[in-house]
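Student: My structure is below; once you've seen it, I'll send some questions.
The values are calculated or read from the model by the stated rules, or taken from the named source; none is laboratory data. As the structure is a prediction and not an experimental result, all values here were calculated from the model. Here the Cβ is made from the backbone with ideal geometry for all residues, glycine too, and neighbour counts use every protein chain on show. Surface accessibility is based on the protein's heavy atoms, side chains included, excluding ligands, DNA and RNA. Shrake-Rupley method; radii C 1.70, N 1.55, O 1.52, S 1.80 Å.
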Amino acid sequence: MSDSFNESSPLKIAIVGSGPSGFYAIDALLKKDIPVEISMFERLPIPYGLVRSGVAPDHPKLKNAIKVYASLAQSPEFTYFGNVSVGRDINIDELKSMYHAIILSCGAETDRKLGIPGEDLPGSHTATEFVGWYNGHPDYRDREFDLSCETAVIIGQGNVAADVSRILAKTVDELKHTDIAEHALEALAESRIRDIYVVGRRGPAQAKFTSKELKEFGELADCAPVVDPKELALNPASVTELEDKENAGGKKVYELFQGFAENPPGNQSRRVHFTFCKSPVEISGKVRVEKLKLEFNRLSGEPFSQAAEGTGEFMELDCGILFRSIGYRGVPVPGVPFDEKRGVIPNRDGRVVEDDKPVEQLYVSGWIKRGATGIIGTNKPDSVATVASLLEDTGKLGATGEKGGAEATLRLLNERGIRYVSFADWEKIDRAEIELGQTRDKPREKYTRIEEMLGLLD
(Lines give C-alpha, C1' and ligand atoms only; values in the text may rest on other atoms or scores of the structure.)
Protein backbone atom coordinates (compact mmCIF):
# COMPACT_ATOMS: atom_id res chain seq x y z
CA MET A 1 0.00 0.00 0.00
CA SER A 2 1.35 3.38 -0.97
CA ASP A 3 2.73 5.70 1.73
CA SER A 4 2.01 8.72 -0.49
CA PHE A 5 -1.39 9.20 1.17
CA ASN A 6 -1.72 10.79 4.60
CA GLU A 7 -4.12 12.90 6.65
CA SER A 8 -3.22 16.07 4.78
CA SER A 9 -3.22 14.33 1.41
CA PRO A 10 -5.80 11.50 1.49
CA LEU A 11 -6.70 9.00 -1.20
CA LYS A 12 -9.60 10.64 -3.04
CA ILE A 13 -12.29 8.33 -4.40
CA ALA A 14 -15.37 9.07 -6.52
CA ILE A 15 -18.23 6.57 -6.37
CA VAL A 16 -20.82 6.71 -9.15
CA GLY A 17 -24.18 5.40 -7.95
CA SER A 18 -25.77 5.45 -4.49
CA GLY A 19 -27.16 1.94 -4.22
CA PRO A 20 -26.00 -0.89 -1.93
CA SER A 21 -22.74 -1.63 -3.78
CA GLY A 22 -21.71 2.03 -3.58
CA PHE A 23 -22.35 2.26 0.16
CA TYR A 24 -20.66 -1.08 0.85
CA ALA A 25 -17.62 0.26 -1.00
CA ILE A 26 -17.65 3.28 1.34
CA ASP A 27 -17.85 0.95 4.33
CA ALA A 28 -14.88 -1.08 3.08
CA LEU A 29 -12.80 2.05 2.41
CA LEU A 30 -13.49 3.58 5.82
CA LYS A 31 -12.42 0.37 7.56
CA LYS A 32 -8.99 0.37 5.92
CA ASP A 33 -5.93 1.96 7.54
CA ILE A 34 -5.49 4.67 4.94
CA PRO A 35 -6.81 8.26 4.94
CA VAL A 36 -9.59 8.65 2.39
CA GLU A 37 -11.96 11.28 1.03
CA ILE A 38 -15.03 9.88 -0.70
CA SER A 39 -17.48 11.63 -3.00
CA MET A 40 -20.65 9.88 -4.14
CA PHE A 41 -22.44 10.90 -7.34
CA GLU A 42 -26.12 10.11 -7.92
CA ARG A 43 -28.15 11.35 -10.90
CA LEU A 44 -31.32 11.60 -8.75
CA PRO A 45 -31.61 13.82 -5.70
CA ILE A 46 -32.49 10.74 -3.64
CA PRO A 47 -30.01 8.01 -2.61
CA TYR A 48 -30.16 4.24 -1.95
CA GLY A 49 -30.91 2.90 -5.43
CA LEU A 50 -33.00 -0.26 -5.53
CA VAL A 51 -33.35 -0.39 -1.76
CA ARG A 52 -35.61 2.65 -2.08
CA SER A 53 -37.07 2.13 -5.54
CA GLY A 54 -36.84 -1.64 -6.08
CA VAL A 55 -37.82 -3.29 -2.80
CA ALA A 56 -41.57 -3.92 -2.72
CA PRO A 57 -43.54 -1.57 -0.44
CA ASP A 58 -45.01 -4.52 1.47
CA HIS A 59 -41.51 -5.74 2.41
CA PRO A 60 -40.34 -2.91 4.67
CA LYS A 61 -37.81 -5.00 6.61
CA LEU A 62 -35.69 -5.33 3.48
CA LYS A 63 -35.19 -1.56 3.60
CA ASN A 64 -33.48 -1.65 7.00
CA ALA A 65 -30.12 -1.57 5.23
CA ILE A 66 -30.82 2.14 4.65
CA LYS A 67 -30.05 2.78 8.32
CA VAL A 68 -26.52 1.46 7.78
CA TYR A 69 -26.05 3.56 4.65
CA ALA A 70 -27.33 6.71 6.38
CA SER A 71 -24.86 6.14 9.21
CA LEU A 72 -21.97 5.82 6.74
CA ALA A 73 -23.06 9.08 5.12
CA GLN A 74 -22.42 10.91 8.39
CA SER A 75 -18.68 10.22 8.09
CA PRO A 76 -16.65 13.43 7.79
CA GLU A 77 -14.77 11.83 4.90
CA PHE A 78 -17.98 11.58 2.84
CA THR A 79 -19.64 14.05 0.44
CA TYR A 80 -22.85 13.38 -1.46
CA PHE A 81 -23.54 14.96 -4.85
CA GLY A 82 -27.16 14.16 -5.68
CA ASN A 83 -28.92 15.38 -8.82
CA VAL A 84 -25.61 15.12 -10.69
CA SER A 85 -25.42 12.87 -13.73
CA VAL A 86 -22.01 11.49 -14.67
CA GLY A 87 -21.73 11.74 -18.44
CA ARG A 88 -24.03 14.76 -18.64
CA ASP A 89 -23.17 17.20 -15.85
CA ILE A 90 -19.63 15.95 -15.32
CA ASN A 91 -17.65 13.45 -17.36
CA ILE A 92 -15.31 10.58 -16.54
CA ASP A 93 -12.16 12.44 -17.62
CA GLU A 94 -13.07 15.33 -15.32
CA LEU A 95 -13.56 12.92 -12.43
CA LYS A 96 -10.18 11.35 -13.19
CA SER A 97 -8.59 14.78 -12.95
CA MET A 98 -10.18 15.39 -9.52
CA TYR A 99 -9.97 11.91 -7.94
CA HIS A 100 -7.33 9.22 -7.72
CA ALA A 101 -9.86 6.47 -8.47
CA ILE A 102 -13.47 6.07 -9.59
CA ILE A 103 -15.69 3.17 -8.51
CA LEU A 104 -18.63 2.69 -10.87
CA SER A 105 -21.53 1.27 -8.85
CA CYS A 106 -24.44 2.30 -11.04
CA GLY A 107 -26.30 -1.00 -11.10
CA ALA A 108 -28.36 -2.56 -13.90
CA GLU A 109 -30.93 0.01 -14.95
CA THR A 110 -32.89 -1.73 -17.70
CA ASP A 111 -34.54 -5.08 -18.47
CA ARG A 112 -33.50 -7.76 -20.90
CA LYS A 113 -35.77 -8.08 -23.93
CA LEU A 114 -37.76 -11.15 -24.92
CA GLY A 115 -36.84 -10.66 -28.57
CA ILE A 116 -40.23 -11.76 -29.92
CA PRO A 117 -42.78 -10.19 -32.30
CA GLY A 118 -45.21 -7.80 -30.66
CA GLU A 119 -42.99 -7.05 -27.69
CA ASP A 120 -43.35 -3.30 -28.25
CA LEU A 121 -47.15 -3.26 -28.45
CA PRO A 122 -48.92 -0.96 -25.98
CA GLY A 123 -49.68 -2.99 -22.88
CA SER A 124 -46.32 -4.82 -23.01
CA HIS A 125 -44.09 -3.52 -20.23
CA THR A 126 -40.88 -4.18 -18.38
CA ALA A 127 -40.98 -5.17 -14.74
CA THR A 128 -38.61 -2.27 -14.06
CA GLU A 129 -41.22 0.25 -15.25
CA PHE A 130 -43.95 -1.17 -13.06
CA VAL A 131 -41.76 -1.56 -9.97
CA GLY A 132 -40.43 1.97 -10.39
CA TRP A 133 -43.96 3.29 -10.89
CA TYR A 134 -45.45 1.83 -7.73
CA ASN A 135 -42.32 2.71 -5.76
CA GLY A 136 -42.42 6.38 -6.78
CA HIS A 137 -39.25 6.47 -8.91
CA PRO A 138 -39.15 9.81 -10.79
CA ASP A 139 -38.20 8.11 -14.08
CA TYR A 140 -41.46 6.14 -14.06
CA ARG A 141 -43.85 8.55 -12.35
CA ASP A 142 -45.82 9.25 -15.52
CA ARG A 143 -45.98 5.71 -16.88
CA GLU A 144 -49.51 4.46 -17.48
CA PHE A 145 -50.65 0.88 -16.98
CA ASP A 146 -54.06 -0.18 -18.24
CA LEU A 147 -55.43 -2.33 -15.42
CA SER A 148 -58.95 -2.45 -16.88
CA CYS A 149 -58.40 -5.91 -18.40
CA GLU A 150 -59.13 -9.18 -16.60
CA THR A 151 -55.89 -11.08 -17.32
CA ALA A 152 -52.27 -10.09 -16.74
CA VAL A 153 -49.16 -12.11 -17.58
CA ILE A 154 -45.73 -11.93 -15.99
CA ILE A 155 -42.91 -13.63 -17.89
CA GLY A 156 -40.30 -14.88 -15.43
CA GLN A 157 -40.23 -16.72 -12.13
CA GLY A 158 -37.84 -14.81 -9.91
CA ASN A 159 -38.45 -12.54 -6.94
CA VAL A 160 -39.13 -9.46 -9.08
CA ALA A 161 -41.84 -11.40 -10.93
CA ALA A 162 -43.20 -12.37 -7.51
CA ASP A 163 -43.29 -8.71 -6.45
CA VAL A 164 -45.12 -7.60 -9.59
CA SER A 165 -47.71 -10.37 -9.38
CA ARG A 166 -48.22 -9.91 -5.63
CA ILE A 167 -48.82 -6.16 -5.95
CA LEU A 168 -51.36 -6.85 -8.69
CA ALA A 169 -53.00 -9.51 -6.50
CA LYS A 170 -53.31 -7.56 -3.25
CA THR A 171 -56.28 -5.53 -2.11
CA VAL A 172 -56.01 -1.82 -1.45
CA ASP A 173 -56.43 -2.51 2.26
CA GLU A 174 -53.30 -4.70 2.15
CA LEU A 175 -51.28 -1.91 0.53
CA LYS A 176 -52.61 1.38 1.85
CA HIS A 177 -50.45 1.44 5.00
CA THR A 178 -47.20 0.78 3.10
CA ASP A 179 -45.00 3.37 1.39
CA ILE A 180 -46.46 2.56 -2.03
CA ALA A 181 -46.78 5.71 -4.15
CA GLU A 182 -50.21 7.32 -3.87
CA HIS A 183 -50.72 7.50 -7.64
CA ALA A 184 -50.14 3.74 -7.88
CA LEU A 185 -52.47 2.97 -5.00
CA GLU A 186 -55.24 4.97 -6.67
CA ALA A 187 -54.76 3.13 -9.97
CA LEU A 188 -54.61 -0.29 -8.32
CA ALA A 189 -57.84 0.50 -6.47
CA GLU A 190 -59.57 0.63 -9.88
CA SER A 191 -57.92 -2.54 -11.21
CA ARG A 192 -60.21 -5.11 -12.86
CA ILE A 193 -57.52 -7.77 -13.12
CA ARG A 194 -58.77 -11.13 -11.89
CA ASP A 195 -56.31 -13.68 -13.31
CA ILE A 196 -52.53 -13.30 -13.13
CA TYR A 197 -50.35 -15.83 -14.96
CA VAL A 198 -46.72 -16.20 -13.88
CA VAL A 199 -44.94 -18.04 -16.69
CA GLY A 200 -41.62 -19.91 -16.43
CA ARG A 201 -39.70 -21.40 -19.34
CA ARG A 202 -38.37 -24.22 -17.15
CA GLY A 203 -40.02 -26.40 -14.53
CA PRO A 204 -41.14 -25.94 -10.93
CA ALA A 205 -37.83 -27.28 -9.66
CA GLN A 206 -35.99 -24.46 -11.43
CA ALA A 207 -38.22 -21.55 -10.33
CA LYS A 208 -36.10 -18.80 -8.76
CA PHE A 209 -38.54 -17.59 -6.13
CA THR A 210 -37.42 -17.74 -2.53
CA SER A 211 -39.70 -19.87 -0.39
CA LYS A 212 -40.48 -16.85 1.79
CA GLU A 213 -41.70 -14.86 -1.23
CA LEU A 214 -43.72 -17.76 -2.60
CA LYS A 215 -45.32 -18.59 0.75
CA GLU A 216 -46.93 -15.13 0.83
CA PHE A 217 -49.21 -16.08 -2.06
CA GLY A 218 -50.99 -18.51 0.22
CA GLU A 219 -51.65 -15.71 2.72
CA LEU A 220 -53.28 -13.08 0.51
CA ALA A 221 -56.63 -11.63 1.60
CA ASP A 222 -58.58 -12.08 -1.64
CA CYS A 223 -56.38 -14.01 -4.06
CA ALA A 224 -55.69 -17.72 -4.39
CA PRO A 225 -52.53 -19.34 -5.80
CA VAL A 226 -53.27 -21.91 -8.51
CA VAL A 227 -51.00 -24.71 -9.78
CA ASP A 228 -52.03 -27.51 -12.14
CA PRO A 229 -50.90 -30.77 -10.45
CA LYS A 230 -49.95 -32.20 -13.85
CA GLU A 231 -47.33 -29.46 -14.27
CA LEU A 232 -45.53 -30.62 -11.13
CA ALA A 233 -44.38 -33.88 -12.75
CA LEU A 234 -40.56 -33.96 -12.70
CA ASN A 235 -38.01 -35.48 -15.03
CA PRO A 236 -35.15 -37.50 -13.45
CA ALA A 237 -32.69 -34.58 -13.57
CA SER A 238 -35.12 -32.32 -11.69
CA VAL A 239 -35.66 -35.01 -9.06
CA THR A 240 -31.88 -35.13 -8.58
CA GLU A 241 -31.80 -31.34 -8.18
CA LEU A 242 -34.41 -31.40 -5.41
CA GLU A 243 -32.65 -34.27 -3.61
CA ASP A 244 -29.40 -32.29 -3.42
CA LYS A 245 -28.73 -31.19 0.18
CA GLU A 246 -27.38 -27.86 -1.07
CA ASN A 247 -30.74 -27.11 -2.69
CA ALA A 248 -32.99 -27.04 0.36
CA GLY A 249 -34.51 -23.76 -0.85
CA GLY A 250 -35.52 -25.26 -4.20
CA LYS A 251 -37.11 -28.23 -2.45
CA LYS A 252 -39.11 -25.91 -0.19
CA VAL A 253 -40.36 -23.93 -3.19
CA TYR A 254 -41.47 -27.15 -4.89
CA GLU A 255 -43.30 -28.25 -1.73
CA LEU A 256 -45.14 -24.93 -1.67
CA PHE A 257 -46.24 -25.49 -5.27
CA GLN A 258 -47.49 -28.93 -4.22
CA GLY A 259 -49.48 -27.33 -1.41
CA PHE A 260 -51.04 -24.83 -3.82
CA ALA A 261 -51.99 -27.68 -6.18
CA GLU A 262 -53.61 -29.67 -3.37
CA ASN A 263 -55.73 -26.75 -2.17
CA PRO A 264 -58.14 -25.57 -4.87
CA PRO A 265 -59.14 -21.91 -4.69
CA GLY A 266 -62.26 -20.87 -2.85
CA ASN A 267 -64.34 -17.77 -3.46
CA GLN A 268 -61.45 -15.33 -3.77
CA SER A 269 -61.96 -12.72 -6.48
CA ARG A 270 -58.42 -13.04 -7.89
CA ARG A 271 -56.12 -15.91 -8.77
CA VAL A 272 -52.40 -16.18 -9.45
CA HIS A 273 -51.63 -19.06 -11.81
CA PHE A 274 -48.07 -20.45 -11.69
CA THR A 275 -47.35 -22.27 -14.93
CA PHE A 276 -44.15 -23.95 -16.15
CA CYS A 277 -42.20 -25.16 -19.20
CA LYS A 278 -43.56 -22.52 -21.54
CA SER A 279 -41.78 -19.83 -23.55
CA PRO A 280 -43.38 -16.74 -25.12
CA VAL A 281 -43.02 -16.69 -28.90
CA GLU A 282 -45.38 -13.89 -29.97
CA ILE A 283 -47.48 -11.09 -28.52
CA SER A 284 -50.38 -10.01 -30.71
CA GLY A 285 -53.23 -7.50 -30.83
CA LYS A 286 -54.72 -4.97 -33.23
CA VAL A 287 -53.66 -1.85 -31.35
CA ARG A 288 -52.46 -3.23 -28.01
CA VAL A 289 -51.74 -6.53 -26.26
CA GLU A 290 -54.59 -9.02 -26.70
CA LYS A 291 -52.98 -12.46 -26.89
CA LEU A 292 -49.77 -14.23 -25.93
CA LYS A 293 -48.60 -17.27 -27.88
CA LEU A 294 -46.61 -19.75 -25.81
CA GLU A 295 -44.58 -22.78 -26.84
CA PHE A 296 -44.47 -25.83 -24.60
CA ASN A 297 -40.96 -26.81 -23.55
CA ARG A 298 -39.17 -29.96 -22.46
CA LEU A 299 -36.06 -29.94 -20.27
CA SER A 300 -32.78 -31.52 -21.28
CA GLY A 301 -29.30 -31.65 -19.82
CA GLU A 302 -27.59 -32.50 -16.56
CA PRO A 303 -28.97 -31.51 -13.13
CA PHE A 304 -28.56 -27.78 -12.44
CA SER A 305 -27.68 -27.21 -16.11
CA GLN A 306 -30.97 -28.06 -17.74
CA ALA A 307 -32.10 -26.08 -20.75
CA ALA A 308 -35.63 -25.52 -22.03
CA GLU A 309 -36.21 -26.76 -25.57
CA GLY A 310 -39.31 -26.02 -27.61
CA THR A 311 -41.53 -28.96 -28.52
CA GLY A 312 -43.30 -27.38 -31.48
CA GLU A 313 -46.60 -27.42 -29.60
CA PHE A 314 -48.27 -24.10 -28.81
CA MET A 315 -51.10 -22.49 -26.88
CA GLU A 316 -52.62 -19.03 -26.81
CA LEU A 317 -53.51 -17.03 -23.75
CA ASP A 318 -55.85 -14.03 -23.84
CA CYS A 319 -54.40 -11.13 -21.86
CA GLY A 320 -54.60 -7.37 -21.72
CA ILE A 321 -51.30 -6.50 -20.06
CA LEU A 322 -47.91 -8.22 -19.94
CA PHE A 323 -44.72 -7.68 -17.94
CA ARG A 324 -41.36 -9.19 -18.74
CA SER A 325 -39.16 -10.03 -15.77
CA ILE A 326 -36.33 -12.06 -17.24
CA GLY A 327 -33.35 -10.22 -15.81
CA TYR A 328 -31.71 -6.81 -15.76
CA ARG A 329 -28.79 -5.41 -17.72
CA GLY A 330 -26.60 -2.37 -17.23
CA VAL A 331 -26.44 0.66 -19.49
CA PRO A 332 -23.20 2.20 -20.78
CA VAL A 333 -21.49 5.06 -18.94
CA PRO A 334 -20.05 7.60 -21.41
CA GLY A 335 -16.27 7.27 -21.53
CA VAL A 336 -16.22 3.77 -19.98
CA PRO A 337 -15.82 0.41 -21.79
CA PHE A 338 -19.01 -1.66 -21.97
CA ASP A 339 -19.78 -5.29 -22.81
CA GLU A 340 -22.99 -5.06 -24.86
CA LYS A 341 -23.53 -8.80 -24.89
CA ARG A 342 -23.45 -9.24 -21.11
CA GLY A 343 -24.72 -5.78 -20.21
CA VAL A 344 -21.84 -5.11 -17.78
CA ILE A 345 -18.63 -3.09 -17.59
CA PRO A 346 -15.79 -5.49 -18.46
CA ASN A 347 -13.47 -5.99 -15.53
CA ARG A 348 -10.99 -8.25 -13.86
CA ASP A 349 -11.19 -8.43 -10.05
CA GLY A 350 -13.10 -5.13 -10.09
CA ARG A 351 -10.56 -3.33 -12.29
CA VAL A 352 -12.17 -2.01 -15.46
CA VAL A 353 -10.46 -3.47 -18.55
CA GLU A 354 -10.44 -2.63 -22.23
CA ASP A 355 -8.87 -5.04 -24.73
CA ASP A 356 -7.98 -7.10 -21.63
CA LYS A 357 -5.84 -4.28 -20.22
CA PRO A 358 -6.69 -2.36 -17.02
CA VAL A 359 -8.06 1.14 -17.56
CA GLU A 360 -6.23 3.57 -15.28
CA GLN A 361 -8.19 4.80 -12.24
CA LEU A 362 -11.42 2.95 -13.09
CA TYR A 363 -13.03 0.27 -10.88
CA VAL A 364 -16.48 -1.31 -10.74
CA SER A 365 -18.74 -3.00 -8.18
CA GLY A 366 -22.26 -4.42 -7.93
CA TRP A 367 -24.59 -5.47 -10.74
CA ILE A 368 -22.77 -3.37 -13.33
CA LYS A 369 -19.70 -5.46 -12.45
CA ARG A 370 -21.08 -9.01 -12.28
CA GLY A 371 -24.60 -8.89 -13.71
CA ALA A 372 -27.94 -8.77 -11.89
CA THR A 373 -27.47 -11.65 -9.47
CA GLY A 374 -27.89 -12.05 -5.73
CA ILE A 375 -29.71 -10.07 -3.07
CA ILE A 376 -28.92 -6.74 -1.38
CA GLY A 377 -26.33 -8.30 0.93
CA THR A 378 -24.52 -10.02 -1.96
CA ASN A 379 -23.15 -6.61 -2.92
CA LYS A 380 -21.12 -6.36 0.29
CA PRO A 381 -18.43 -9.00 -0.44
CA ASP A 382 -18.46 -7.87 -4.07
CA SER A 383 -17.62 -4.28 -3.08
CA VAL A 384 -15.06 -5.43 -0.50
CA ALA A 385 -13.26 -7.36 -3.25
CA THR A 386 -13.23 -4.31 -5.55
CA VAL A 387 -11.86 -2.08 -2.78
CA ALA A 388 -9.13 -4.66 -2.11
CA SER A 389 -8.05 -4.43 -5.76
CA LEU A 390 -8.11 -0.64 -5.61
CA LEU A 391 -5.94 -0.54 -2.49
CA GLU A 392 -3.44 -2.90 -4.10
CA ASP A 393 -3.04 -0.19 -6.76
CA THR A 394 -2.41 2.77 -4.46
CA GLY A 395 1.18 3.07 -5.69
CA LYS A 396 -0.05 3.65 -9.24
CA LEU A 397 -2.90 5.84 -8.05
CA GLY A 398 -0.58 8.01 -6.00
CA ALA A 399 1.54 8.55 -9.09
CA THR A 400 -1.39 10.32 -10.77
CA GLY A 401 -0.64 13.36 -8.60
CA GLU A 402 -2.54 15.63 -6.23
CA LYS A 403 -6.31 15.73 -6.71
CA GLY A 404 -8.87 18.41 -5.88
CA GLY A 405 -11.56 15.97 -4.75
CA ALA A 406 -14.83 17.33 -3.36
CA GLU A 407 -13.64 20.95 -3.29
CA ALA A 408 -12.76 20.90 -6.98
CA THR A 409 -16.08 19.20 -7.73
CA LEU A 410 -18.01 21.90 -5.87
CA ARG A 411 -16.26 24.63 -7.83
CA LEU A 412 -16.96 22.92 -11.16
CA LEU A 413 -20.64 22.33 -10.41
CA ASN A 414 -21.10 25.90 -9.20
CA GLU A 415 -19.40 27.24 -12.32
CA ARG A 416 -21.83 25.23 -14.45
CA GLY A 417 -24.86 26.28 -12.44
CA ILE A 418 -25.75 22.70 -11.59
CA ARG A 419 -28.14 22.36 -8.65
CA TYR A 420 -26.57 19.51 -6.68
CA VAL A 421 -28.23 18.01 -3.62
CA SER A 422 -26.15 17.44 -0.47
CA PHE A 423 -26.85 14.65 2.00
CA ALA A 424 -28.23 17.25 4.41
CA ASP A 425 -30.58 18.32 1.60
CA TRP A 426 -31.67 14.71 1.16
CA GLU A 427 -32.37 14.47 4.89
CA LYS A 428 -34.78 17.41 4.53
CA ILE A 429 -36.60 15.57 1.75
CA ASP A 430 -36.58 12.42 3.87
CA ARG A 431 -38.18 14.20 6.83
CA ALA A 432 -40.79 15.81 4.61
CA GLU A 433 -41.76 12.42 3.16
CA ILE A 434 -42.11 10.88 6.61
CA GLU A 435 -44.20 13.81 7.86
CA LEU A 436 -46.48 13.60 4.82
CA GLY A 437 -46.82 9.86 5.31
CA GLN A 438 -47.92 10.34 8.91
CA THR A 439 -50.92 12.35 7.71
CA ARG A 440 -51.97 9.31 5.63
CA ASP A 441 -51.14 6.57 8.15
CA LYS A 442 -48.16 5.45 6.04
CA PRO A 443 -44.46 5.17 6.92
CA ARG A 444 -43.75 7.81 4.26
CA GLU A 445 -45.29 9.38 1.19
CA LYS A 446 -42.58 9.70 -1.43
CA TYR A 447 -42.10 12.76 -3.56
CA THR A 448 -42.07 11.40 -7.07
CA ARG A 449 -40.95 14.36 -9.16
CA ILE A 450 -37.51 15.93 -9.07
CA GLU A 451 -38.93 19.45 -9.25
CA GLU A 452 -41.03 18.71 -6.14
CA MET A 453 -37.93 17.53 -4.26
CA LEU A 454 -35.90 20.55 -5.25
CA GLY A 455 -38.85 22.79 -4.43
CA LEU A 456 -38.76 21.56 -0.85
CA LEU A 457 -35.16 22.73 -0.63
CA ASP A 458 -35.61 26.06 -2.39
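Student: Taking the criterion of being touching a helix residue (DSSP H, G or I) at 6+ places or on another chain (Cβ under 8 Å) and either part of a helix (DSSP H, G or I) or of a type in the set (S, T, N, Q) (or both), would at least one residue in segment 104-116 satisfy it?
Tutor: The answer is yes, given that some residue of segment 104-116 is touching a helix residue (DSSP H, G or I) at 6+ places or on another chain (Cβ under 8 Å) and either part of a helix (DSSP H, G or I) or of a type in the set (S, T, N, Q) (or both).
Student: Any residue in segment 442-456 that is farther than 24 Å from ALA56 by Cα and touching a residue at least 60 places away in the same chain (Cβ under 8 Å)?
Tutor: Looking through segment 442-456, at least one residue is farther than 24 Å from ALA56 by Cα and touching a residue at least 60 places away in the same chain (Cβ under 8 Å).
Student: Can you tell me which residue within segment 430-447, out of those that are within 18 Å of ALA184 (Cα to Cα) and touching a helix residue (DSSP H, G or I) at 6+ places or on another chain (Cβ under 6 Å), is surrounded by the fewest Cβ atoms within 10 Å (Cβ to Cβ)?
Tutor: PRO443
Student: Identify, please: which residue in segment 137-153 is within 21 Å of HIS183 (Cβ to Cβ) and not in a loop (DSSP other than H, G, I, E, B) and is, among those, least open to solvent (accessible area, probe 1.4 Å)?
Tutor: Top of the filtered list is ALA152.
Student: Restricted to segment 62-86, and to residues that are assigned to a loop (DSSP other than H, G, I, E, B) and closer than 24 Å to ASP393 by Cβ, which residue is least open to solvent (accessible area, probe 1.4 Å)?
Tutor: The extreme case among them is SER75.
Student: Take segment 400-449 and flag every residue that is under 30 Å from GLU7 (Cα atoms) and under 25 Å from the mean Cα position of the chain (by Cα).
Tutor: Passing the criteria: TYR420, VAL421, SER422, PHE423, ASP425, TRP426, GLU427.
Student: Also: Out of the residues in segment 34-58 that are within 22 Å of PHE217 (Cβ to Cβ) and touching a Ser or Thr at 6+ places or on another chain (Cβ under 9 Å), state the one that is surrounded by the most Cβ atoms within 10 Å (Cβ to Cβ).
Tutor: Here the answer is PRO57.
Student: Please indicate, with yes or no, whether at least one residue in segment 393-407 is over 23 Å from SER21 (Cβ atoms), assigned to a helix (DSSP H, G or I) and modelled with pLDDT of 95 or more.
Tutor: Yes; the residues of segment 393-407 include at least one that is over 23 Å from SER21 (Cβ atoms), assigned to a helix (DSSP H, G or I) and modelled with pLDDT of 95 or more.
Student: Filter segment 359-374 down to residues that are touching a residue at least 24 places away in the same chain (Cβ under 8 Å) and open to solvent by 30 Å² or more (accessible area, probe 1.4 Å) and give me whichever is farthest from LEU95 (Cα to Cα).
Tutor: This residue is ALA372.
Student: Going by the conditions given, is GLY401 open to solvent by less than 80 Å² (accessible area, probe 1.4 Å) and in contact with a Pro (Cβ under 7 Å, 6 or more places away or on another chain)?
Tutor: no
Student: Being open to solvent by 20 Å² or more (accessible area, probe 1.4 Å) and small (Gly, Ala, Ser) is the filter here, so list the residues in segment 334-358 that pass it.
Tutor: GLY335, the sole residue that qualifies.
Student: When you scan segment 232-263, how many residues do you find that are over 13 Å from LYS215 (Cβ atoms) and open to solvent by less than 50 Å² (accessible area, probe 1.4 Å)?
Tutor: Number satisfying all stated conditions: 9.
Student: Also: Of the conditions (1) open to solvent by 50 Å² or more (accessible area, probe 1.4 Å); (2) in contact (Cβ under 8 Å) with a residue 24 or more places away in the chain, GLY266 fails just one. Which one is it?
Tutor: Here GLY266 meets the rest and fails (1).
Student: Take segment 212-223 and flag every residue that is of a type outside the set (D, E, K, R), surrounded by 15 or more Cβ atoms within 10 Å (Cβ to Cβ) and more than 19 Å from ILE155 (Cα to Cα).
Tutor: LEU220, CYS223
Student: Still on this structure: Which of the residues spanning segment 112-136 are crowded, with 18+ Cβ neighbours inside 10 Å and farther than 24 Å from GLN157 by Cβ?
Tutor: If the condition is that a residue be crowded, with 18+ Cβ neighbours inside 10 Å and farther than 24 Å from GLN157 by Cβ, then GLY136 is the only one that fits.
Student: Would you check which residues across segment 260-288 are of a type in the set (Gly, Ala, Ser) and farther than 11 Å from LEU232 by Cα and list them?
Tutor: Answer for segment 260-288, where residues must be of a type in the set (Gly, Ala, Ser) and farther than 11 Å from LEU232 by Cα: GLY266, SER269, SER279, SER284, GLY285.
Student: Here is a further query. I need a count of the residues in segment 283-314 that are more than 20 Å from ASP146 (Cα to Cα) and open to solvent by 60 Å² or more (accessible area, probe 1.4 Å).
Tutor: Adding up the residues that qualify gives 9.
Student: Give segment 210-251 a look and list any residue that's in contact with a Ser or Thr (Cβ under 9 Å, 6 or more places away or on another chain), within 17 Å of ALA56 (Cβ to Cβ) and assigned to a helix (DSSP H, G or I), or say none.
Tutor: PHE217
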